[in-house]
Amino acid sequence: MPKMSRLTKFVLNAPVLRTLPMVKIYQIFTVPKPSLLRLCTSMQKMDTNWQMEPHPWVSAAFEPYKESKLKLSLETRNRGDVFIVHCQGRIVYRDEAAVLARVVGEVLQQAKKLVLDLSGVTSIDSAGIGELALLQTCAQGRNGNLKCAGASPLVSELLSLTNLDSVLEIYPTVDAALESIREEQVGEEQVCADC
């Protein structure tokens, strides 16, 4: 560890000094402990080989092709001004939830109406549930409309247990979600015609 000189001072910026009524400047220095006092005398030697595994003789670059670790595929389609994102696989922590957020975020930049087809989702964890809530918030912030459709019984139960079904609009099928969007459009046109 590098030693600090006895004259080293930590001073706040000048504008901050003007706002504070009184500032004390301390000289800070370190005194290293002797190496023998750093270790406790009752410590035992540790066997460092207990976690060691044999080193592989084959480089990772020359191993046979392995399947991608990403277990979520997303397909984007559009029907008129409504985008449909079909999810196939699992929405879990790390890459899957991040990919879903990126794709849906890009779609929300292009379109205001989005249906998230969850019929192919086999599992979802807390990160996936949180990502769905974040996507709903993002859609509302951009004056968008996010609807979920076709959730399996397992996914529906998890959304119900977390009360996310009260935040998200969930429909049994993609067609039902599209129909609700059409009804909202007709309702908006009637309101505008009355203005």
statement: With the dipole of segment 72-194 defined by +1 on each Lys or Arg Cβ and -1 on each Asp or Glu Cβ, the option from Val167, Leu135, Leu178 whose Cα lies farthest towards the positive pole is Leu135
- prompt: Just for segment 72-194, what percent of DSSP beta bridges are antiparallel, to the closest 5?
  reply: 30
statement: Rounded to whole angstrom, the alpha-carbon centroid of segment 129-154 lies from that of segment 78-96 at a distance of 10
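Computed from the coordinates by the stated procedures, all read-outs in this text should not be read as laboratory data. What you see is a predicted model, and the numbers here were worked out from it, not measured in a lab. A quick note on method: Cβ atoms are made from the backbone with ideal geometry, for glycine too, and the neighbour counts reach across all protein chains shown.
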